[in-house]
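Note sheet for the following structure.
The values are calculated or read from the model by the stated rules, or taken from the named source; none is laboratory data. Everything quoted here is computed from the prediction, not taken from an experiment. Please note: Cβ atoms are built from the backbone with ideal geometry, for glycine as well, and neighbour counts cover all protein chains shown. Surface areas here come from the heavy atoms of the whole protein model, side chains and all, with no ligands, DNA or RNA. Shrake-Rupley method; radii C 1.70, N 1.55, O 1.52, S 1.80 Å.
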Amino acid sequence: MPKRIVIFFIAFVTLASLVYYGFSRWQDAQQKVDLWTLVPETAAFVVETNNHSDLRKHLEKTALWESFSVLPVVQRFQENMAMLDSVAPGNQRLERFLDKKHILTSVHVLGKTDVEFVYYIPVVSVGEHRFLRTLSENVIKNPLFKEEIREYQGVLLTDVTNTQLGNSFTYFSFHNNIILSASPVLVEEIVRRINRGKLNSIGTAYKKVNY
């Protein structure tokens, strides 16, 4: 077999492999995920909303918020959101990005006095992917943040630290959804849950409930 034909054959096999790999990754990304199936069974409770802004405004008017807002986990979250919002691209701030989305928030008790949240946020359009990519690039460039990417059980986790406040959060992407928490332990628990497969929703028994 002439040497040129061998080179063409190797190039064709390589190209075909890359196309197949890219198509497989694209198929995986398009797969719909029931976010309830990702919530660990250790969750104390779960909140589902399709209007983040209205829920927050409503809570701020209640007596519950007065007690809730003094928790360290809430204060850390608000500080991180304010800092991230300051580097968000253009006029498409985080508030607009989060508004009108079906977002899950699971609440976990990690110790006698330690409570943490996990946020499950769908990314539903090319524009939203572009917004997140630009936001991530802005975070990397900003000296107020330090970003580290690590692998955990085959999944890339991103740890972002606010160098000014000392707060941090961890997130990863799963089938066009962002899973984010200030607790890397909870994020790693969700990765293990995904890798075990056969995900079951902890909300199955409550499907008829109007959340």
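So how many residues does region 152-168 have that are modelled with pLDDT under 90 and either within 20 Å of ILE121 (Cα to Cα) or surrounded by 16 or more Cβ atoms within 10 Å (Cβ to Cβ) (or both)? Full working, then the answer.
Quick first cut of region 152-168, residues modelled with pLDDT under 90 only: 162-168.
Retained after the next criterion (residues that are either within 20 Å of ILE121 (Cα to Cα) or surrounded by 16 or more Cβ atoms within 10 Å (Cβ to Cβ) (or both)): 162, 167-168.
Residues in region 152-168 being modelled with pLDDT under 90 and either within 20 Å of ILE121 (Cα to Cα) or surrounded by 16 or more Cβ atoms within 10 Å (Cβ to Cβ) (or both): 3 in total.
What pairs come up if the first residue lies in region 179-199 and is touching a residue at least 12 places away in the same chain (Cβ under 8 Å), the second is open to solvent by less than 60 Å² (accessible area, probe 1.4 Å) and part of a helix (DSSP H, G or I), and their beta carbons are under 6 Å apart, counting only those six or more places apart or on different chains?
These pairs meet every condition: ILE179/ILE190; SER181/VAL187; ILE190/LEU38; LEU199/THR37.
What do you reckon, is LEU84 in contact with a Phe, Trp or Tyr (Cβ under 7 Å, 6 or more places away or on another chain) and surrounded by 12 or more Cβ atoms within 10 Å (Cβ to Cβ)? Before you say what the answer is, go through the steps one by one.
Details: in contact with a Phe, Trp or Tyr (Cβ under 7 Å, 6 or more places away or on another chain): no; surrounded by 12 or more Cβ atoms within 10 Å (Cβ to Cβ): yes.
For LEU84, the condition - in contact with a Phe, Trp or Tyr (Cβ under 7 Å, 6 or more places away or on another chain) and surrounded by 12 or more Cβ atoms within 10 Å (Cβ to Cβ) - is not met.
Got a number for residues in region 58-110 being within 22 Å of PRO122 (Cβ to Cβ), out of contact with any Lys or Arg (no Cβ under 8 Å at 6 or more places or on another chain) and of a type in the set (D, E, K, R)?
6
Limited to region 104-114, what total is found for residues that are in contact (Cβ under 8 Å) with a residue 40 or more places away in the chain, more than 18 Å from ASN177 (Cα to Cα) and open to solvent by less than 40 Å² (accessible area, probe 1.4 Å)?
Residues that pass the stated criteria total 2.
Take the residues in region 98-134 that are touching a helix residue (DSSP H, G or I) at 6+ places or on another chain (Cβ under 7 Å) and more than 28 Å from THR42 (Cβ to Cβ), then tell me which one is modelled with the highest pLDDT.
Looking at the filtered set, the residue picked out is GLU128.
How many of the residues making up region 153-178 are under 26 Å from TRP36 (Cβ atoms), in contact with a Lys or Arg (Cβ under 9 Å, 6 or more places away or on another chain), touching a residue at least 24 places away in the same chain (Cβ under 8 Å) and not in a loop (DSSP other than H, G, I, E, B)?
Number satisfying all stated conditions: 3.
Which condition does PRO122 not pass, out of (1) open to solvent by 70 Å² or more (accessible area, probe 1.4 Å); (2) within 23 Å of TRP36 (Cα to Cα); (3) touching a strand residue (DSSP E or B) at 6+ places or on another chain (Cβ under 8 Å), if it passes all the others?
It is condition (1) that PRO122 fails.
Would you confirm whether any residue within region 126-135 is small (Gly, Ala, Ser), assigned to a helix (DSSP H, G or I) and either over 29 Å from ASP34 (Cα atoms) or open to solvent by less than 60 Å² (accessible area, probe 1.4 Å) (or both)?
If we filter region 126-135 for residues that are small (Gly, Ala, Ser), which is where we start, we get 127.
Restricting the remaining residues to those that are assigned to a helix (DSSP H, G or I) gives 127.
Next cut, either over 29 Å from ASP34 (Cα atoms) or open to solvent by less than 60 Å² (accessible area, probe 1.4 Å) (or both) only: 127.
Within region 126-135, one or more residues are small (Gly, Ala, Ser), assigned to a helix (DSSP H, G or I) and either over 29 Å from ASP34 (Cα atoms) or open to solvent by less than 60 Å² (accessible area, probe 1.4 Å) (or both).
Based on this model, can you work out whether ILE149 counts as among the hydrophobic types (A, V, I, L, M, F, W, C), touching a strand residue (DSSP E or B) at 6+ places or on another chain (Cβ under 8 Å), closer than 21 Å to MET83 by Cα and open to solvent by 80 Å² or more (accessible area, probe 1.4 Å)?
Numbers: among the hydrophobic types (A, V, I, L, M, F, W, C): yes; touching a strand residue (DSSP E or B) at 6+ places or on another chain (Cβ under 8 Å): yes; closer than 21 Å to MET83 by Cα: yes; open to solvent by 80 Å² or more (accessible area, probe 1.4 Å): yes.
Answer is yes for this residue.
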